[in-house]
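S.K.: Next up is a structure, given as structure tokens.
Every number in this text was worked out from the coordinates using simple rules, so none of it is lab data. Every value quoted in this text rests on a predicted model; they were computed, and no experiment measured them. As a convention, Cβ positions derive from the backbone with ideal geometry for all residues, glycine included, and neighbour counts pool all protein chains shown.
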């Protein structure tokens, strides 16, 4: 299934590369001791270093280095034991030093791979070009005063990982899948919270188009797109713009563009582009970052089980389908929840309840798994009750409804509401006999060969027992009695 | 035409204008030729380095023969907006203010 | 001139200990001298109230028997590129005029903790860019050493205000900073001892940056012993400076004990350059003879790329400076020239805020880092720098310390050599190579030129071997017996 856009001159292929800027999860900033927390009062999380006061010097945060290396390992990437911080020089009011400390020629992480599960069941491998550490800039507020721009430096100096993909992506769907997978991996590792709304994960999109079999054509970079949906939309709109240009006899110029979701268009940001010459050079306030292989190995040994490995284990150890395994391993918290539910119980039943019953409720209420009104232990207990025939699957659903409201243990609910399944043969036999005696017409129908009426009888009996009769036993006894 | 203008300058006025722009230093047009001449003479003198054989030499990164020290991830600074904003040329509330930036 | 201002740190320390006078009296005498020599323009900001307050604190400590060390109560001038909490810090630039730091640099804080008494902030070349102290926004500094020709002499630079203040006995000592010779050359021009420690010995935190890979703070004093005492109070391992070595800190004054018998003195033959004055060359030979007489052994060493050091320096230092000075943009502190448009504001602020030499070096630095030129200039320079450092390492296999002149000629008259930056850059020809290699180096007053201006000899040491440097300097000091006072003081007292 190859994605292409049909133009007047034929089919066009889209070539996409993504640059993800992921805020490193750390308490303090990359080169200063100021806090990184989101949403603080303006200029309160700013050290003299972040404000670039004269004579201030950067000192690197060990945790940020560790997080970058762990992310590299999670992306199956090469860790560069020597990397270099360089200064990227440009003027902007929210860039206090007049340069951003970044890594340019020698990033801390080199090439890696991200595997994408596509909806058709295939796996697409997308190359990662590099990952490097850099500082975030501050925030410019343009809407506070008609004549002035306000500057808040709280974000200035927060550690970012820039993760650059190879131009391996070929459709908006692949780009979306890549972003979701990247977020999953970062969240598994705990190296970035992946929150695109708060801006802790942002994305620049490189888009070009070409005819099948061609080399790469000129690309445009769409800056700062802040949701998966917008990334997918922006790609489609930008690709179409480029195709129109080519087919109208025009040329695509390499430039930075902005995606406007309200107008559904991308716009040139030429004003910012003007005369960019960043004058990169190694930051003389910092020495090269040199790591030991032993340090990298130790971090590798302590890495959590990552989504791809977990998914494979869910399939082999629990016998789950690819779709279920992929869904349950998509978030670490969901996987942990599922494994608690499945502990000592039928894994397929556990998967089914976690994905379908609980999943539907969480979706409807807009809750995450960690906010679930039903704990994993309780859901596990509920499945235990089904498995030992204490309740039927149907009753279980009723119990589940109560659990959602009260958060109580299912055993307690079953007990207090008297929902325990009737498995006593005598009691069920009596109910069957009663039903046959009360409905001679339907009984005759059965005997004259209309087997369909069985279902109707089961319904009557379940109604009479308040749904508590074991349906399997009811079926068996009914056939025996009617057939005699 | 003066002799100076006949010489090929290492930095012509266009280059100087571009560099001044990059460095965000206003240079009036009538000062560009003098500045180009001054800078060119310095750059010409610097050209002597071309004669030095540096094949197989790694560029120096630092004279400090140590490993980059790393600090612990602890919040140890900040929470002092007064110190940060004390010298602001234009302070608006707890913000620095600059002429409106048109995006 | 008061007797008190003639003392060395060591003498004052002993006299304070003997309770011959108080720190407050000592400070008072220096405040008077500072006021009396205002014509030199050595200070950008005088802080007499702070001086008296700290002197009183020093006396109080002494009364309780809690003397903080050799620097306790010593009147000290601080170069205006060390940020001082609550006291204007300008780096002699219009762009920082009125800037009052809310923090104290590590070096000035160390001196403060050691009990030193700050007299004020000294004038300097703007952002330390200069060798004559003529690029200051606050006007040039005059050298207290004068001739009878009626012309004022430059004090050297960039630590010209510090040098002039100490030479004029307006301060007992001063901090300097040295990027390519900014402590050593003015020390030579003013007849002082100036020590640039190993790169990484003193913290750069809170010191206005010129060129980060070269900048190093150091003491400017009137004797070698004072240099040791003051250096002791300046150094500390500072985790806030990532380029600092956590080296053990020796007792520098104790290093002055003993002798230099058997010490190998390297004489780099490439330092015999064209344009060096005859008397400079003669003094160099005399210096060799003095050290020989003290039991040391001169050996010839070779530093073939000495001639390339200046050009290398004038790529590396402006490149780093162009980036370090990007922060002066009128947004968070310092000068802002108002404009409706942001770019306009930047360009007008920086054009008005930086002086001519600073603008020139920013332009050079921006150019050598710009796309297409970076490899040809910056990378090339860093390679030559690596060669220069390697040659020093080779030389130090044969020698324990190197001896050269500090500057090719003595202090020149204010107004001379000012139009030609290249002429000016030659001042640093002997001091720049050690800076590029990060080595400790020191200028010691060794004699007078024919017309009576001070000349210095320059010693270069192994990394973190300031002890040998100080011990060798002491031998030169003892042999030179340099006791002449600047003409200013002879006439005035």
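S.K.: Just the C-alpha atoms of the stretch A:50-209: what Rg/Rh do they give, with Rh taken as the Kirkwood radius?
M.R.: 1.01
S.K.: Something else: At 7 Å along Cα-to-Cβ for each site, give me the label-to-label distance between residue C:3 and residue A:415 in nm.
M.R.: Simple spin-label model gives 10.0 nm for this pair.
S.K.: Ok, one more. I need the calculated FRET efficiency for the pair residue A:227 and residue A:268, taking r as the beta carbon distance and R₀ as 22 Å, to the nearest 0.05.
M.R.: 0.50
S.K.: Then there is this: If you split all Cα-Cα distances of the stretch A:334-400 into 5 Å bins from zero, what percentages do you get per bin, shortest first?
M.R.: 4, 19, 32, 26, 14, 5, 0
S.K.: Using 5 Å bins from zero, what percent of all Cα-Cα pairs in the stretch C:195-345 falls into each bin?
M.R.: 2, 7, 10, 12, 14, 16, 15, 10, 5, 4, 3, 2, 1, 0, 0
S.K.: How many Cβ atoms of partner chains, on average, are near each residue of C:317-329 if near means within 10 Å of its Cβ?
M.R.: 6
S.K.: Working out 0.36 nm times the residue gap between residue A:276 and residue A:371, then minus their Cα-Cα distance, what length gain in nm do you get to one decimal?
M.R.: Using 0.36 nm per residue and subtracting the Cα-Cα distance, I get 29.5 nm.
S.K.: Could you work out the per residue convex hull volume over the alpha carbons of chain A, in cubic angstrom?
M.R.: 226 Å³
S.K.: Something else now. Rg to Rh for chain B: what is it, with Cα atoms only and Rh by Kirkwood?
M.R.: Using only Cα positions, Rg/Rh for chain B is 1.17.
S.K.: So what is the relative contact order of the stretch A:231-381, in percent, for Cα pairs below 8 Å that sit 6 or more residues apart?
M.R.: This gives 13 percent for the stretch A:231-381.
S.K.: Does anyone have the angle between helix A:376-387 and the longest principal axis of chain A? Alpha-carbon axes, 0 to 90°, nearest 10?
M.R.: Taking the Cα atoms of chain A, the angle to A:376-387 is about 30 degrees.
S.K.: Taking the highest mean first, how do the peptides B:69-79, C:466-476 order by number of other beta carbon atoms within 10 angstrom per residue?
M.R.: Descending packing order for the listed peptides: C:466-476, B:69-79.
S.K.: For chain C, restrict the atom set to alpha-carbon positions and state the Rg and Dmax in Å.
M.R.: Values for chain C (Cα only, Rg and Dmax): 21.1, 70 Å.
S.K.: So what is Rg over Rh here for the stretch C:380-493, counting just Cα atoms and using Kirkwood for Rh?
M.R.: 1.04
S.K.: While we're here: With labels modelled as points extended 7 Å from the Cα through the Cβ direction, what inter-label distance (nm, one decimal) is found for residue C:422 paired with residue A:448?
M.R.: 12.2 nm
S.K.: Taking only the alpha carbons of the stretch A:245-374, what extent do you get along each of the three principal axes, in Å, biggest first?
M.R.: 65, 49, 31
S.K.: Whole-Å semi-axes of the stretch A:10-140's equivalent ellipsoid, largest first, each the root of 5 times a Cα gyration tensor eigenvalue?
M.R.: Ellipsoid half-lengths, sorted descending, are 32, 17, 16 Å.
S.K.: Right, something else. Given the stretch C:1-131, report the % of alpha carbon pairs whose separation exceeds 20 Å.
M.R.: Above the 20 Å cut-off, the stretch C:1-131 has 44 percent of its Cα pairs.
S.K.: Pairwise over distinct Cα atoms, reciprocal of the mean inverse distance: report the Kirkwood radius of the stretch B:3-50 in Å, one decimal place.
M.R.: Computed over Cα pairs of the stretch B:3-50, the Kirkwood hydrodynamic radius comes out at 11.2 Å.
S.K.: Quick one: Kirkwood hydrodynamic radius for the stretch A:188-321, alpha-carbon pairs, angstrom, one decimal?
M.R.: 19.3 Å
S.K.: Here's something else I'd like to know. Output the relative contact order of chain C, whole-number percent, from Cα pairs under 8 angstrom with separation of 6+ residues.
M.R.: Value for chain C: 18 percent.
S.K.: Give the angle, between 0 and 90 degrees and rounded to the nearest 10, that separates the Cα long axis of helix A:453-464 from the longest principal axis of the Cα atoms of chain A.
M.R.: 90 degrees
S.K.: Quick one: length gained pulling residue C:88 to residue C:274 fully straight, 0.36 nm per residue minus the C-alpha distance?
M.R.: Working it through step by step, the gained length comes to 62.7 nm.
S.K.: Describe numerically, in nm with one decimal, the distance between label points set 7 Å from Cα along Cα→Cβ at residue A:408 and at residue A:424.
M.R.: 2.3 nm
S.K.: Further, regarding this structure: Let's test the formula: R0 of 25 Å, r as the Cβ-Cβ distance of residue C:394 and residue C:254. What FRET efficiency results, to the nearest 0.05?
M.R.: Computed FRET efficiency for residue C:394 and residue C:254 comes out at 0.25.
S.K.: Between residue A:480 and residue A:352, what is the FRET efficiency for a Förster distance of 35 Å, r being their Cβ-Cβ separation, to the nearest 0.05?
M.R.: According to the calculation, E is roughly 0.65.
S.K.: If I fit a long axis through the Cα atoms of helix B:32-46 and take the longest principal axis of the Cα atoms of chain B, what angle between them do I get, 0 to 90°, rounded to 10?
M.R.: 80 degrees
S.K.: May I ask what percent, to the nearest 5, of DSSP beta bridges between residues of the protein assembly as shown are antiparallel?
M.R.: That works out to approximately 80 percent antiparallel.
S.K.: Let me ask something else about it. Where Rh is the Kirkwood radius over the Cα pairs of the protein assembly as shown, the temperature 4 °C and the viscosity 1.567 mPa s, what D in µm²/s does Stokes-Einstein return?
M.R.: 39 µm²/s
S.K.: Here is a further query. Viscosity 1.002 mPa s, temperature 20 °C: give me the Stokes-Einstein translational D for the stretch A:426-484 in µm²/s, with Rh taken as the Kirkwood radius over C-alpha pairs.
M.R.: So the translational diffusion coefficient is about 193 µm²/s.
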